[in-house]
Amino acid sequence: MKQYQLSTGEKKFISWHLLVAILALAVGSLFGPLQAFEHAGWDFYPYLKPLIKSYYQGLTVHGVLNALVWTTFFIMGFLTFNVMFGLKRPLKNMTLNKVGFWLMVVGVVAAAIPILANQATVLFTFYPPLKANWAFYLGLTLVVVGSWVEGWGLFMTYIAWRKENPNERTPFIAFASIITALLWQICTLGIATEILTMLLPWSLGLIENVDPQLARTYFWFTGHPLVYFWLLPAYISWYAMLPEQAGKGKMFSDSLARLSFWIFLVLSTPLGFHHQYVDPGIPPAWKFLHSMLTFGVFFPSMMTAFTVVASLEHAGRKNGGKGALAWIGKLNWSDPSVAAQLLAGILFFFGGIGGLANASYNVNLVLHNTAFIPGHFHLTVATGVTLSFMGISYWLLPYLTGKKLWNPKVAVAQAWTWFVGMIIFSNSMHVLGLLGAPRRVPLGLAPYVPAEWNSRLFQVGVGGAILFISGALYLTVMLMTALNKEKVAEEVTVPIAESMQDLSHTPEWLDRWAPWVYGTLALIVIVYGPQLFDMIKNIALTSPGFRVW
């Protein structure tokens with residue numbers, strides 16, 4: 001059956017998202033290994049002066065470009081593709097989406113200038129009273145607003161489709177993409193409020209001091225659901241595309257897939273206080289409530305693990321796999337897109353377990369400000385998400401450009417080197433955290449390091465070196481594909497796995513929006529409302545700004 005095809009202009013629009021994302025990853029990934037090398041005692045930062053003035057400036061570049069810019073641009077491009085391809089229609093208002101995209105680009109440039117000028121060395125979390133140049137806060141605001149505008153374009157497209165198809169089930173990739181965009185619209189209200197009501201006026205001199213406790217609460221209103229904004233696009237691919245790529249498999253359950261996305265929407269935002277267990281201004285009862293909701297959001301992840309593995313098992317057995325585990329070897333491991341996503345899923349499983357440890361109150365008090373946290377973070381966003389996005393781009397770029405993927409064997413090697421490098425790096429960071437090594441610290445400058453840390457610090461450097469090689473391989477494959485003169489023999493087929501169940505068997509309540517959206521907003525008001533009201537009522541604008549580096 002012939003697939004719906006995007007127009008040349010639509011493909012080019014999505015390609016621009018991919019270009020900005022990959023450029024951000026290229027620059028940001030230069031600094032990740034520098035942090036790892038510094039931990040191992042190989043400090044290259046003195047050689048980067050005066051361009052990069054400190055370890056913390058490099059850490060800020062790495063965090064902002066990799067965790068915010070690379071992910072946001074790739075996701076908005078991928079969601080836009082899914083909505084158009086899934087609904088088989090162009091965007092309702094392409095101009096609106098283009099405005100959103102360019103707002104994001106202007107925002108990235110505005111934020112990048114003060115970062116590179118060492119005027120915004122405030123790290124990925126930009127906690128006050130660390131103070132950045134006003135352009136940094138304005139730039140981040142424009143990135144968020146631009147992504148909102150693109151999201152509005154997706155909502156308008158979906159509404160137009162629904163009017164024409166009132167009784168049809170929404171195609172899954174479009175359905176899940178709209179939920180992801182909606183989650184982003186809701187959760188970013190926290191960071192937008194933080195910047196517009198406090199940080200931007202403060203950086204412009206309109207107010208003298210800030211309330212760090214309130215600012216941290218606003219940040220984590222956004223900061224944890226941000227993880228699901230990163231993850232859900234990877235889940236879309238794992239659910240609806242990977243089984244087809246892995247061996248002509250089918251999605252095990254369309255109903256389970258939809259239910260998991262609804263639960264993510266409902267539970268993703270009202271759990272931010274589990275990042276603030278050590279904050280004294282939040283009553284224990286609220287921390288406990290958010291802790292329980294954090295454990296609750298683990299259930300849709302387990303549903304995802306079950307459904308995706310069942311779908312992959314179907315593909316493996318269809319290809320002749322037998323026994324309890326032998327089917328795994330029958331999956332299409334020679335396809336770099338498949339290899340990257342399978343390896344990402346394996347490491348993400350362990351990242352999820354580490355997340356449960358972080359959510360547990362008493363364990364968190366031991367782990368909170370240690371190297372365990374970036375170790376966990378690199379299994380989730382830097383592998384589960386980033387390696388999956390790399391895998392998706394191995395078929396998406398040829399689809400968008402019509403050019404053949406350059407050297408698939410190198411792309412497969414890239415996925416495996418990332419997997420091996422991350423095992424060495426992340427495992428060492430987890431163990432260092434358990435041994436008490438602090439995070440956000442240039443350990444190479446510490447006057448005394450316990451002997452039991454030494455071997456692990458060395459392994460951090462080794463893992464960082466392997467990851468640097470893997471990142472270089474990915475960028476090489478992307479660049480050579482974009483420049484490749486060899487065209488694809490025929491139009492690239494978008495991998496879409498059919499559901500084992502007929503879509504008419506998917507309950508209607510799983511395709512209705514009002515109850516879920518109202519429930520999401522109600523739970524946020526219940527779980528955040530009283531405490532935010534109290535914090536705002538007793539706001540303490542007492543902390544002046546500091547520039548430490």
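Structural remarks
- Picking from residues in region 175-215 that are polar (S, T, N, Q) and not in a helix (DSSP H, G or I), the one that is surrounded by the fewest Cβ atoms within 10 Å (Cβ to Cβ) is ASN209.
- Qualifying residue in region 82-97 (condition: crowded, with 22+ Cβ neighbours inside 10 Å, under 20 Å from the mean Cα position of the chain (by Cα) and assigned to a helix (DSSP H, G or I)): yes
- Taking the criterion of being part of a helix (DSSP H, G or I) and out of contact with any helix residue (DSSP H, G or I) (no Cβ under 7 Å at 6 or more places or on another chain), the residues of region 315-348 that qualify are ALA326, GLY329, LEU342, ILE346.
- LYS485 being charged (D, E, K, R), open to solvent by 30 Å² or more (accessible area, probe 1.4 Å) and not in a helix (DSSP H, G or I): yes
For (1) outside any loop (DSSP other than H, G, I, E, B); (2) touching a strand residue (DSSP E or B) at 6+ places or on another chain (Cβ under 9 Å); (3) touching a residue at least 40 places away in the same chain (Cβ under 8 Å), each residue gets a yes or a no:
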site: PRO495; (1), (2), (3): no, no, yes
site: TRP516; (1), (2), (3): yes, no, yes
site: THR520; (1), (2), (3): yes, no, yes
site: ASP534; (1), (2), (3): yes, no, no
site: ILE539; (1), (2), (3): no, no, yes
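- Residue check, LEU206 more than 30 Å from THR506 (Cα to Cα) and in contact (Cβ under 8 Å) with a residue 60 or more places away in the chain: no
- ILE526 falls short on exactly one of the conditions (1) at pLDDT 95 or above; (2) within 30 Å of LEU405 (Cβ to Cβ); (3) of a type in the set (A, V, I, L, M); (4) open to solvent by 90 Å² or more (accessible area, probe 1.4 Å), and that condition is (2).
- Checking ILE75 against (1) open to solvent by less than 10 Å² (accessible area, probe 1.4 Å); (2) of a type in the set (A, V, I, L, M); (3) more than 25 Å from GLU491 (Cβ to Cβ); (4) in a helix (DSSP H, G or I), the condition it does not meet: (3)
- The residues of region 1-50 that are open to solvent by less than 30 Å² (accessible area, probe 1.4 Å) and in a loop (DSSP other than H, G, I, E, B), listed by number, are LEU6, ALA40.
- Candidates LEU34, LEU87, LEU51 - the one that is among the hydrophobic types (A, V, I, L, M, F, W, C) and under 30 Å from GLU164 (Cβ atoms): LEU87
- When THR386 is tested against (1) over 30 Å from TRP16 (Cβ atoms); (2) in a helix (DSSP H, G or I), only condition (1) is not met.
- Conditions (1) more than 22 Å from LYS330 (Cα to Cα); (2) not in a loop (DSSP other than H, G, I, E, B); number of the one not met by ALA310: (1)
Residue-wise test of (1) of a type in the set (Asp, Glu); (2) at pLDDT below 95.
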{"position": "HIS17", "(1), (2)": "no, no"}
{"position": "ILE22", "(1), (2)": "no, no"}
{"position": "ALA26", "(1), (2)": "no, no"}
{"position": "SER29", "(1), (2)": "no, yes"}
{"position": "ASP43", "(1), (2)": "yes, yes"}
{"position": "ILE52", "(1), (2)": "no, yes"}
{"position": "ALA67", "(1), (2)": "no, yes"}
{"position": "MET76", "(1), (2)": "no, no"}
{"position": "THR80", "(1), (2)": "no, no"}
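- In summary, GLN501 fulfils each of the numbered conditions (1) open to solvent by less than 80 Å² (accessible area, probe 1.4 Å); (2) modelled with pLDDT of 90 or more with the single exception of condition (2).
- Qualifying residues in region 51-72 (those that are aliphatic (A, V, I, L, M) and over 22 Å from the mean Cα position of the chain (by Cα)) - the one most open to solvent (accessible area, probe 1.4 Å): LEU51
- Test: residue in region 87-97 that is in contact with a Pro (Cβ under 9 Å, 6 or more places away or on another chain) and touching a residue at least 40 places away in the same chain (Cβ under 8 Å): yes
- Restricting region 394-427 to residues that are of a type in the set (Phe, Trp, Tyr) and over 9 Å from SER470 (Cβ atoms) leaves a set whose member that is surrounded by the most Cβ atoms within 10 Å (Cβ to Cβ) is PHE425.
- Per-region count, region 259-284, residues modelled with pLDDT under 95, outside any loop (DSSP other than H, G, I, E, B) and surrounded by fewer than 21 Cβ atoms within 10 Å (Cβ to Cβ): 1
- Some residue of region 446-462 being in a loop (DSSP other than H, G, I, E, B) and touching a residue at least 24 places away in the same chain (Cβ under 8 Å): no
- Residue check for GLU491: touching a residue at least 40 places away in the same chain (Cβ under 8 Å), of a type outside the set (Phe, Trp, Tyr) and either under 30 Å from ILE115 (Cα atoms) or open to solvent by 40 Å² or more (accessible area, probe 1.4 Å) (or both): yes
The values are calculated or read from the model by the stated rules, or taken from the named source; none is laboratory data. The shown structure was predicted, so the numbers you read here are calculated from the model rather than taken from an experiment. Ideal geometry is used to build each Cβ from the backbone, glycine not excepted, and the neighbour counts take in all protein chains shown. Protein only, heavy atoms only, side chains kept; ligands, DNA and RNA dropped before computing areas. Shrake-Rupley method; radii C 1.70, N 1.55, O 1.52, S 1.80 Å.
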